[in-house]
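Student: To start, I am sharing the structure in question, which I have written as structure tokens.
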Amino acid sequence: MALSPDRRTGFSRRRQTLVFLSYVLAVAGALLGAALLVISRFDPPLFAGLRMAAASVTAPVSTTAAALGRGIWSIPEAISTHFFVRQENAQLREAVKRNQTLVLRARAIAYENRRLRTLLALRDREAHTVVAARLVSSTASSGRRFALLNAGRFQGVRPGMPVRGPLGLIGRVVETGPAVARVLLLSDPNSIVPVRRARDGLPAIAVGRGDGRVDLRSVTLANARFAVGDLFVTTGTGGIYPPNVPVARVQAAGADSVAAEPLAPADTLDVALVQEPFLPVPPPSRPEVPPIGGGITP
Amino acid sequence: MSGIEYRPFARTLPPGRARALPWATVIGGSAVTAWPAVANIPLMPPFGLLMLLTWRLLAPFALRPWAAAPLGLVDDLVSGQPLGSAVLLWSLCFLGIDLVEQRLGMRDFWQDWTIATGAIAATLLGGRLFALPIGMVVDGAALAQIAIAVALFPATARLVAWVDRKRGQPR
């Protein structure tokens, strides 16, 4: 097919000018994009308002569609539950019997723990749950891993709050709108969480890999060994994430840096809990005004 | 397709709506990210970019040369990329396609597809370059995403051709 010959602008001066102008605008658009990119590089939260306005439009749609999806998903589940309920009942009875001794032992340990803590006069901070909401959509076409939460400022969600699922940590809130919030998932390449091994307290950091997994990197001496199945929990260092929230489990043995699977897969089927930051950010200190005339301080 | 497809006297959309339709389809493509699922691996093809390229290649006068920037801005707002990434890259796509078109006398679908492949790969990798640390720009997920998007181009071409036919001749 030959290209359509409409590039000729004819003798109409007006038409020639308009075509020229539209190309000037196109180049100006590219330059504007470059400028915006530089600005958002140095001040990422600057455009949060715009993004949250767009999210406020898409989130209700996603919420409705997710609810429909859950409804459809529950049909096969209900059918299989109906048929396997007797079998499952027998299995659960077995499990209860097996766990009974464990529970008794755990109770004794918990009691002792409480007693020892009182002796030490250790004060525990409770992590208060701000709101339980659902993740409704994500940035599925971009390399960044963000998800939208269908709760926002009206529900008390603020930037910096940690988000966890029933099984473990999901991420933290980075931007909030009136009824939506953007959550930085653990697997985002820019997310770093200080963690320690649940077994022996080996310190490490969990850095996102962008593919749904995290990299566990040892932060102490070299040659730290990771075994398959090692469980890592948050330390509470940094004050955002409360301590002892499960984060990830090691997939392949290795040294110094290994891939690990997050324990709480972020999906739309489950509830996410937004919690208060473990240690709230201190208010900005009052700027030091040097005394005029010197010497006298109040 | 059945029946007669060429109807020169059929009623077409009013000009305003006919001009808005390509914009609406591109914005609709960008809004597919509202799909209610939390993806762990970014494999979803950039539908907004696909629609934009298809319109540009199949119906060159449906979108003005400057339309890439505002459409890119809308895409940036919903895609999670740093704001300005699609504004810049989509504009560059349009200008690049213009340059290529000046050098090609004849063109058919295969050449369109090749041009779209180059544009998709450059835009996706460029977007990752702006958004991610340097070491993570090219990985398996990125290549798979590019492959999926390129493989979808014939489908979007059919879709755009259908919409364009319903839209009637542009003024």
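We did not get these values from a lab; they are worked out from the coordinates using the rules stated. The structure presented is a predicted model; accordingly, all values stated were derived computationally and were not measured. So basically every Cβ, Gly included, is an ideal-geometry build from the backbone, and we count neighbours across all protein chains shown.
Student: Just check the range A:1-123 against the gyration tensor rule for me: Cα atoms, a ≥ b ≥ c as the square roots of the eigenvalues, rounded for a/c under 1.5, and otherwise prolate or oblate depending on whether a/b exceeds b/c.
Tutor: Note, shape of the range A:1-123 comes out oblate.
Student: Quick check on the exposure proxy: order B:Lys166, A:Lys97 from fewest to most C-beta atoms within 10 angstrom.
Tutor: A:Lys97, B:Lys166
Student: Okay, moving on. Applying 1/(1 + (r/R0)^6) with R0 = 41 Å to the Cβ-Cβ distance of B:Ala151 and A:Leu50, what FRET efficiency is obtained, to the nearest 0.05?
Tutor: Between B:Ala151 and A:Leu50 the formula returns 0.80.
Student: Now, a different point. With the cut-off at 1.5 for a/c, could you classify the range A:40-96 from its C-alpha gyration tensor as rounded, prolate or oblate?
Tutor: oblate
Student: In the range A:174-205, whose amide N lies under 15 Å from the spot 7 Å out along Cα-to-Cβ of A:Arg158? List them in ranges.
Tutor: In the range A:174-205, the label zone of A:Arg158 (backbone N under 15 Å from the point 7 Å along Cα→Cβ) covers A:174-177.
Student: Using amide H atoms built in the peptide plane, which far-off residues or other-chain residues are under 5 Å from A:Arg134 H to H?
Tutor: A:Asn150, A:Ala272
Student: Give the average, rounded to an integer, of partner chain Cβ atoms located within 10 angstrom of each Cβ in B:101-109.
Tutor: 2
Student: When B:Phe130, A:Phe11, B:Phe94, A:Phe232 are ordered from fewest to most other Cβ atoms inside 10 Å of their Cβ, what list results?
Tutor: Placing the least packed residue first, the sequence is A:Phe11, B:Phe130, B:Phe94, A:Phe232.
Student: Tell me which residues come under 5 Å, amide H to amide H, from A:Val174 once H is placed; ignore anything under 5 positions away on its chain.
Tutor: Residues meeting the criterion, in which the H sits 1.01 Å from N, are A:Gly160, A:Arg182, A:Val183, A:Leu184.
Student: Could you list B:Met44, B:Met106 so that the one with the fewest beta carbons within 10 Å of its beta carbon is first and the one with the most is last?
Tutor: By the 10 Å Cβ count, ascending: B:Met106, B:Met44.
Student: Mind pulling the angle between the C-alpha long axis of helix A:13-42 and the longest principal axis of chain A? Nearest 10 degrees, somewhere in 0 to 90.
Tutor: Tilt relative to chain A: about 30 degrees.
Student: Residue by residue, what Karplus-based ³J(HN,Hα) values in Hz, rounded to whole numbers, does the range B:82-88 have, using 6.51, -1.76 and 1.60 with θ = phi - 60° and x for Gly and Pro?
Tutor: In residue order, the calculated couplings are x, 4, x, 5, 6, 4, 5 Hz.
Student: Checking the a/c ratio against 1.5 first, then a/b against b/c, what shape does the Cα gyration tensor give for the range A:113-215?
Tutor: oblate
Student: What is the calculated FRET efficiency for B:Asp98 to A:Thr237, with r their C-beta to C-beta distance and R₀ = 51 Å, to the nearest 0.05?
Tutor: 0.45
Student: Rounded to the nearest 500, what is chain B's calculated 222 nm mean residue ellipticity when only DSSP H runs of at least 4 contribute -39500 (n - 2.57) each, over all residues?
Tutor: Mean residue ellipticity, 222 nm, calculated: -22000 deg cm²/dmol.
Student: What are the ³J(HN,Hα) values, in whole Hz, obtained from phi via the Karplus relation 6.51 cos²θ - 1.76 cosθ + 1.60 with θ = phi - 60°, for each residue of the range A:63-78 in sequence order, with x given for Gly and Pro?
Tutor: 4, 4, 5, 5, 5, 4, x, 5, x, 5, 4, 6, 5, x, 5, 4
Student: Another one. Can you show me the helix-derived [θ] at 222 nm for chain A, built from DSSP H runs with n ≥ 4 at -39,500 (n - 2.57) apiece and divided by the number of residues, rounded to the nearest 500.
Tutor: When only DSSP H runs of four or more count, the value is -13000 deg cm²/dmol.
Student: How many nm is it between the label spots at A:Asn99 and A:Ser80, if each spot is 7 Å from the Cα in line with the beta carbon?
Tutor: Calculated label separation equals 2.0 nm.
Student: Here's another thing I want to ask about it. So if the hydrodynamic radius of the range A:202-272 is defined as the Kirkwood radius over C-alpha pairs, what does Stokes-Einstein give as its diffusion coefficient at 20 °C and 1.002 mPa s, in µm² per second?
Tutor: Translational D for this selection: 168 µm²/s.
Student: Sticking with this one: Kindly write out, for the range B:30-44 in residue order, the coupling ³J(HN,Hα) from the Karplus curve 6.51 cos²θ - 1.76 cosθ + 1.60 (θ = phi - 60°), rounded to whole Hz, with x marking Gly and Pro.
Tutor: 5, 6, 4, 5, 6, 3, x, 8, 9, 7, 8, 10, x, 9, 5
Student: Here's a follow-up. Between Rg and the Kirkwood Rh of the protein assembly as shown, both from Cα atoms, what is the Rg to Rh ratio?
Tutor: 1.07
Student: Within 10 Å of each Cβ in peptide A:36-48, how many partner chain Cβ atoms are there on average? Round it to a whole number, please.
Tutor: Taking the mean over all residues of the peptide, I get 4.
Student: Can you tell me how much longer the chain between A:Leu68 and A:Ile39 gets when fully stretched, taken as 0.36 nm per residue apart minus their C-alpha distance, in nm with one decimal?
Tutor: 6.5 nm
Student: Using the crude model of +1 on Lys and Arg Cβ and -1 on Asp and Glu Cβ, and no other charge, please compute the dipole size for the protein assembly as shown relative to its Cα centre, in debye to 20.
Tutor: Charge dipole, the protein assembly as shown, about its Cα centre: 720 debye, nearest 20.
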